[in-house]
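Student: Encoded as structure tokens, here's the structure I'll be asking about.
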Amino acid sequence: MKDEALLEAEFQARIDAGEKIEPKDWMPERYRRQLIRMMSQHAHSEIVGMLPEGNWITRAPTLRRKMALLAKVQDEAGHGLYLYSATETLGVDRYQLIRDLLEGRAKYSNIFNYPTLTWADVGVIGWFVDGAAIVNQTMLAKSSYGPYARAMIRICKEEAFHKRQGYEICVTLARGTPEQRRMLQDAINRWWWPTLMMFGPPDDQSPNSAELLRWQVKRKTNDELRQHFINITVPQVLALGMTLPDPELRYDEKTGNWLIGPIDWDEFWRVIRGHGPCNRERLQARRKAHEEGAWVREAVQAYARKRQQQAASTAAEVSHG
Amino acid sequence: MAEMENCMRLWEVFVQPRTGAPHEHAGSVRATHAEMALQHARDVYARRGPVVSIWVVPTDAIYATRPGDEGPFFDPADNKPYRHPLFYKVPHGVKNI
Amino acid sequence: MNLETLDAALRPALFEYLLCLGDDALILGHRLSEWCGHGPYLEEDIALANLALDCLGHAEALLTLAGEVEGKGRTADDLAFLRDAYDFRNVQLVELPRGDFAFTITRQFLFATYACLLYEALQQSAFEPLAGIAAKALKEMRYHLRHSSEWMRCLGDGTEESHRRAQTALDELWMYTGELFEVDDTLRTLIEARIAPDMAALQPKWREQVEAVLREATLTVPEDPPYMATGGRRGHHTEHLGHLLAEMQFLQRAYPGAQW
């Protein structure tokens, strides 16, 4: 039996060489637990994320928008599913993960604790929130854990249309009536700061970052990703003739970065701790769906068991016949 | 919530993108029986096409190598060159060999 | 025949007929879409969204064609979002609230059985654009039928509770099935022109197929009620449609003339 230190050294060497770690490979227990945490949180975020946009499916203003939004939300369910499946490769049950979520023990991305108040929110979410997710996810597609990387590649391919759909909605509003422009500016004002918070606290306040970087589960820091997102998004906002709710926003010639004012991290922590505008509603909706679905899940399992028993007794008859 | 209720079986999904191509592993689904697994696989993994065929296999039916089997199980490709066509010399000008 | 060669005398009837088919698909698709994010488990949530998307796709194709036949420049969106309830021509079956999962699946099963027969027959329509839509829609509705039939079996022959819910749904929905096979003057005109099939003639086949699955599902075929619901094809709906449209049409009504 190799000792832990040697195994860890070999493991780190594989990571440094760019190898993928697969489910049955040896891995430090901490690595396994960090991955379970990250992947399951990601999965929960996709599932809960269906709700704010799902809120507007029945009110989408054209057939095309209705179908596109429905397809997008459906994709999010699919992404949750890929990620639960990937998490299961580490020996955790999907149902345990879901129980953790519904019983308030698991985290999901804060951004989905905000309400969608207008149709413009739907556009802005696709543009900002999916945009931010893409920045994050493109990096995660190179994650050292094989199943996570593969799930992320599939997800990234599907996400490509989500952001464009969102931006197209916003372009249409920006070119529309004064009321539509007002609707769009209002949505931008409400979603900008929460989106920036999606990248997580500054690295010096982020306890997991160093380890995750060493293991190449994450490959960039929170601040690096946030800055990248800001740099690509600000010009897009300005191109629509819209503004951002930040009086300190300015362009720095030297670095080529758009610099922002201070983020209110109190709000971030408040919402994470359950005191955001929609935390309760999101969990209630998920719980309700789960509880109301219980009899359905029981039914289909009972049906499958009956068919299995029938097949077994038919086989017995045949062999004794 | 009954403990039993949530225990649907895990199935691995393989999709064939066009006739003649091999089936590729796409991911997994939870389902209680084969017909439902097939339908769920179609809804989850075949939305964007192209898909002409789907296989679903209960995950526990898959018998696989383990890491560490690699050495003894898989011949290193570089020490049995007689399995490769370039190992063999053919005189110039001879066709169809 | 196509739009150019279509007999002008047939236009009003064909327009009405396309509204019937398009509105069925639209309203049913809308009801299915309400499940998104609230399904009994993840895989089935995704499945229901697929069913909804299929129906909405059919609606867009059929309503676009309707607008072209009408010839007044109305688009599918104009028809979907700017008509009031009494101008909708869907059957009442599709506008009923989604209910529980048994209700949704049972309704889908009953409708999909009908829709497969309808689209199969419509592939022979003398009006080519409609035959084309039918051919595509048939493929998708066949999957709806397969999916909902399997669920009828699971629910009917699952647990006592699922059996009870499925039977209740079936009993409630049965009185709305007659409307699917009504033949009025509009339809008669189109049947003579070989544009539309004779739905009344298809009813026995529908019944046979439905009963076969219900038997497998250990469910009881309801007695035919003394009164089958009717009126949808004439714009007389249940109270549910008004609320559905108020929600669906809100943005277009609140911001008239805006582009989305």
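Student: Please report, in Å, the Rg and the Dmax of chain C, where both are computed over Cα atoms only.
Tutor: 18.0, 57
Student: Here is a further query. Loop-only trypsin sites (Lys or Arg not before Pro) in the stretch C:54-85, please: DSSP not H, G, I, E or B, and at most 13 other Cβ atoms within 10 Å. The partial results should precede the final answer.
Tutor: Working: sites: C:Lys72, C:Arg74, C:Arg83; in loops: C:Lys72, C:Arg74, C:Arg83.
Hits after loop and neighbour filter: C:Lys72.
Student: Hey, can you grab everything whose amide H is under 5 Å from the amide H of A:Met198? Only 5+ residues off in sequence or another chain; H modelled, so Pro and N-termini drop out.
Tutor: So A:Met198 has HN proximity to no qualifying residue.
Student: Apply 1/(1 + (r/R0)^6) to the Cβ-Cβ distance of A:Lys157 and C:Met1, taking R0 = 45 Å, and write down the FRET efficiency to the nearest 0.05. Write down the numbers at each step before the final one.
Tutor: Working: r = 43 Å, r/R0 = 0.96.
Result of the calculation: an efficiency of 0.55.
Student: Next question, about the same structure. For the stretch A:261-295 and the stretch A:1-48, what is the separation of their Cα centres, given in Å?
Tutor: 29
Student: Determine ³J(HN,Hα), in whole Hz, for all residues of the stretch A:307-319 in sequence, where each value follows from phi through the Karplus function 6.51 cos²θ - 1.76 cosθ + 1.60 and θ = phi - 60°; x replaces Gly and Pro.
Tutor: Rounded to whole hertz, the list is 5, 5, 5, 4, 4, 5, 6, 5, 4, 4, 4, 4, 6.
Student: Hey, another quick one. What ranking of A:His44, A:His228 comes out by heavy-atom accessible area, probe 1.4 Å, highest first? Mind dumping the intermediate values first?
Tutor: Numbers: A:His44 0, A:His228 100 Å².
Greatest to least solvent exposure: A:His228, A:His44.
Student: Right, here's the next one. Which pairs break 24 Å Cα to Cα here: A:Lys66/A:Lys218; A:Lys72/A:Lys218; A:Lys163/A:Lys218? Let's see the in-between values first.
Tutor: Numbers: A:Lys66/A:Lys218 35 Å; A:Lys72/A:Lys218 26 Å; A:Lys163/A:Lys218 22 Å.
In this structure, A:Lys66/A:Lys218; A:Lys72/A:Lys218 exceed 24 Å between Cα atoms.
Student: What dipole magnitude, in Debye to the nearest 20, does the stretch C:8-254 give about its Cα centre under +1 on Lys/Arg Cβ and -1 on Asp/Glu Cβ? Show your work: numbers first, answer last.
Tutor: Values: 23 positive and 39 negative charges, 92 e Å.
Dipole size: approximately 440 debye.
Student: Work out the length of the dipole vector of the protein assembly as shown about its Cα centre, built from +1 on the beta-carbon of each Lys and Arg and -1 on the beta-carbon of each Asp and Glu, and round it to the nearest 20 debye. Mind dumping the intermediate values first?
Tutor: Details: 79 positive and 93 negative charges, 300 e Å.
That gives a dipole near 1440 debye.
Student: How high is the relative contact order of the stretch C:8-254? Use alpha-carbon pairs under 8 Å, at least six apart in sequence, and give a whole percent.
Tutor: Reported relative contact order: 25 percent.
Student: Follow-up. When you count, for each residue, the other Cβ atoms within 10 Å and take the mean per peptide, how do C:22-29, B:36-43 rank with the highest first?
Tutor: On the way: C:22-29: 26.9, B:36-43: 23.6.
Ranked from most to least packed, the peptides come out as C:22-29, B:36-43.
Student: Which value, in square angstrom to the nearest 100, describes the accessible area buried between chains B and A on both sides, using a 1.4 angstrom probe?
Tutor: Chains B and A together bury roughly 2100 Å² of accessible area.
Student: Also, quick follow-up: Residue by residue through the stretch C:238-250, which ³J(HN,Hα) values in whole Hz follow from phi under the Karplus form 6.51 cos²θ - 1.76 cosθ + 1.60 (θ = phi - 60°), with glycine and proline marked x?
Tutor: 7, 5, 5, 5, x, 5, 4, 5, 4, 6, 5, 9, 3
Student: Expressed as an acute angle from 0 to 90° and rounded to the nearest 10, what is the orientation of the C-alpha long axis of helix C:11-33 relative to the principal long axis of chain C?
Tutor: 40
Student: Relative to the longest principal axis of the C-alpha atoms of chain A, give the angle of the C-alpha long axis of helix A:63-88, reported between 0 and 90° and rounded to the nearest 10°.
Tutor: So the helix axis and the longest Cα principal axis differ by about 50 degrees.
Student: Quick one: Debye curve from the alpha-carbon atoms of the stretch A:185-321 only, equal weights, vacuum; give me log10 I(q)/I(0) at q = 0.13, 0.21 Å⁻¹ to two decimals.
Tutor: Relative scattering, expressed as log10 I(q)/I(0), comes to -0.78, -1.27.
Student: Helix C:128-156 sits at what angle to the longest principal axis of chain C, using alpha carbons and giving 0 to 90 degrees rounded to 10?
Tutor: The angle comes out at about 10 degrees.
Student: Just list whichever of C:Lys72/C:Lys205; C:Lys136/C:Lys205; C:Lys139/C:Lys205 have alpha carbons separated by over 30 Å in the model shown.
Tutor: Checking Cα-Cα distances, C:Lys72/C:Lys205 exceed 30 Å.
Student: Stokes-Einstein at 25 °C, 0.890 mPa s, Kirkwood radius from Cα pairs: D for the stretch A:60-204 in µm² s⁻¹?
Tutor: 147
Student: If you take the charge dipole of the protein assembly as shown about its Cα centre, with +1 on Lys and Arg Cβ and -1 on Asp and Glu Cβ, which of A:Ala285, A:Asn55, B:Pro58 is farthest toward its positive end?
Tutor: Value: B:Pro58.
Student: So which trypsin sites (Lys or Arg not before Pro) in the stretch A:11-77 pass both tests, a DSSP loop state and at most 15 other Cβ atoms within 10 Å of the Cβ?
Tutor: On the way: sites: A:Arg14, A:Lys20, A:Lys24, A:Arg30, A:Arg32, A:Arg33, A:Arg37, A:Arg59, A:Arg64, A:Arg65, A:Lys66, A:Lys72; in loops: A:Lys20, A:Lys24.
Hits after loop and neighbour filter: A:Lys24.
Student: Ranked highest first by average number of other Cβ atoms within 10 Å, how do A:266-275, A:127-136, C:232-241 line up? If you can, show how the numbers build up before the last one.
Tutor: Working: A:266-275: 13.6, A:127-136: 23.7, C:232-241: 17.9.
Order by mean packing, descending: A:127-136, C:232-241, A:266-275.
Student: Follow-up question, since we're still on this one. Are there any chymotrypsin sites (Phe, Trp or Tyr not before Pro) in the stretch A:171-267 that are in a DSSP loop and have at most 11 other Cβ atoms within 10 Å? List them by number. Before the final figure, lay out the partial values.
Tutor: Details: sites: A:Trp191, A:Trp192, A:Phe199, A:Trp215, A:Phe229, A:Tyr251, A:Trp258, A:Trp265; in loops: A:Phe199, A:Trp215.
Within the stretch A:171-267, no chymotrypsin sites (Phe, Trp or Tyr not before Pro) qualify (loop, at most 11 other Cβ atoms within 10 Å).
Student: Tally up the carbon and sulfur contribution to the accessible surface of the protein assembly as shown as a whole percent, 1.4 Å probe, everything protein left in place.
Tutor: Values: 16520 of 30680 Å².
Accessible surface attributable to carbon and sulfur in the protein assembly as shown totals 54 percent.
Student: Give the percent of DSSP beta bridges with both residues in the protein assembly as shown that are antiparallel, rounded to the nearest 5.
Tutor: Values: 16 of 17 bridges.
Just about 95 percent of them are antiparallel.
Student: Would you mind giving the mean number of other chain beta-carbons within 10 Å of the Cβ of each residue in B:22-33, as a whole number?
Tutor: Values: counts 0, 0, 0, 1, 3, 9, 8, 5, 10, 5, 12, 10.
Average per residue, whole number: 5.
Student: If you don't mind, another one. Under a 10 Å cutoff between Cα atoms, tell me which one of A:Ala302, A:Ala60, A:Ala149 has the largest fluctuation in the Gaussian network model of chain A.
Tutor: Sorting by GNM fluctuation, first place goes to A:Ala302.
Student: Could you pull out every residue, at least 5 positions away or on a different chain, whose amide H is within less than 5 Å of the one on A:Leu259? Hs are placed 1.01 Å off N in the peptide plane, and Pro or chain starts have none.
Tutor: Sorted by chain and number, the residues that satisfy this are A:Arg250, A:Tyr251, A:Asp252.
Student: With label points built 7 Å along Cα→Cβ from the Cα atoms of C:Thr230 and A:Asp186, find their separation and express it in nm.
Tutor: Each label point is offset 7 Å from its Cα along the Cβ direction, giving 4.8 nm.
Student: Dipole of the stretch A:188-321 (Lys/Arg Cβ +1, Asp/Glu Cβ -1, origin at the Cα centre): which of A:Gln236, A:Trp215, A:Ser319 lies farthest to the positive side?
Tutor: A:Ser319
Student: Write down Rg/Rh for the stretch C:1-103, rounded to two decimals, with Rg from the C-alpha atoms and Rh from the Kirkwood relation over Cα pairs.
Tutor: Details: Rg = 15.6 Å, Rh = 14.6 Å.
Over the Cα atoms of the stretch C:1-103, Rg/Rh equals 1.07.
Student: Something else: For chain A, state the average projected area of the convex hull of the C-alpha atoms over all orientations, rounded to one decimal in nm². Don't skip to the end; give the middle numbers.
Tutor: Numbers: hull surface 90.9 nm².
So the Cα hull casts an average projection of 22.7 nm².
Student: Looking at the protein assembly as shown, what % of the alpha carbon pairs are farther apart than 36 Å?
Tutor: On the way: 110768 of 229503 pairs.
Value for the protein assembly as shown (Cα pairs over 36 Å): 48 percent.
Student: Scan around A:Ala106 for amide H atoms under 5 Å from its own, H built in the peptide plane at 1.01 Å from N, and keep only partners 5 or more places away or cross-chain.
Tutor: Those lying under 5 Å, H to H, from A:Ala106 are A:Leu101.
Student: Under a point-charge model restricted to the Cβ atoms of Lys and Arg (+1) and Asp and Glu (-1), what is the dipole moment magnitude of the stretch A:109-189 relative to its Cα centre, in debye to the nearest 20? Present the calculation step by step, with values, prior to reporting the outcome.
Tutor: Numbers: 9 positive and 7 negative charges, 63 e Å.
With Lys and Arg at +1 and Asp and Glu at -1, about 300 debye.
Student: Any idea of the total accessible area buried by the A-C contact, 1.4 Å probe, rounded to 100 Å²?
Tutor: On the way: alone 17130 and 12370 Å², together 25410 Å².
Summing both chains' loss of accessible area gives about 4100 Å².
Student: On a 20 Å Cα-Cα criterion, which of the cross-link pairs A:Lys20/A:Lys220; A:Lys142/A:Lys220; A:Lys157/A:Lys288 come out too long?
Tutor: Working: A:Lys20/A:Lys220 18 Å; A:Lys142/A:Lys220 11 Å; A:Lys157/A:Lys288 31 Å.
In this structure, A:Lys157/A:Lys288 exceed 20 Å between Cα atoms.
Student: Before I look further, what does the stretch C:101-260 give for accessible area per residue, probe 1.4 Å, in whole square angstrom?
Tutor: Values: 7030 Å² over 160 residues.
The answer is 44 Å² per residue.
Student: Based on the mean of other Cβ atoms within 10 Å per residue, sort peptides C:90-101, A:234-245 so the most packed one is first.
Tutor: Working: C:90-101: 21.0, A:234-245: 15.0.
My ranking of the peptides, most packed first, is C:90-101, A:234-245.
Student: Follow-up question, since we're still on this one. Which residues of the stretch C:22-44 bury at least 10 Å² of accessible area once all protein chains are present, versus their chain alone (1.4 Å probe)?
Tutor: Residues passing the criterion (a loss of at least 10 Å², heavy atoms only) are C:Leu26, C:His30, C:Ser33, C:Glu34, C:Cys36, C:Gly37, C:His38, C:Gly39, C:Pro40, C:Tyr41, C:Leu42, C:Glu43.
Student: Averaged across orientations, what area in nm² does the convex hull of the alpha carbons in the stretch C:132-199 project?
Tutor: On the way: hull surface 23.3 nm².
That works out to 5.8 nm², a quarter of the Cα hull's surface.
Student: Using the Cα atoms as the points, what is the convex hull volume per residue of the stretch B:2-64 in Å³? Please report the intermediate quantities before stating the final value.
Tutor: On the way: hull volume 5.6 nm³, N = 63.
Cα convex hull per residue, to the nearest whole number: 89 Å³.
Student: Now for a different question. Based on the Cα coordinates of the stretch A:90-150, what is the per residue volume of their convex hull in Å³? Walk me through the intermediate numbers first.
Tutor: Working: hull volume 7.2 nm³, N = 61.
It comes to 118 Å³ per residue, whole-number rounded.
Student: Could you give each residue of the stretch A:225-232 its phi-based ³J(HN,Hα) in whole Hz, using Karplus coefficients 6.51, -1.76, 1.60 with θ = phi - 60°, and x for Gly or Pro?
Tutor: 5, 4, 5, 4, 4, 4, 4, 7
The values are calculated or read from the model by the stated rules, or taken from the named source; none is laboratory data. Given the structure is predicted, the values throughout are model-derived calculations rather than measurements. All Cβ positions, even for glycine, are placed from backbone atoms using ideal geometry, and neighbour counts span all protein chains on display. Just the protein is used for accessible areas: all its heavy atoms, side chains included, with ligands, DNA and RNA removed. Shrake-Rupley method; radii C 1.70, N 1.55, O 1.52, S 1.80 Å.
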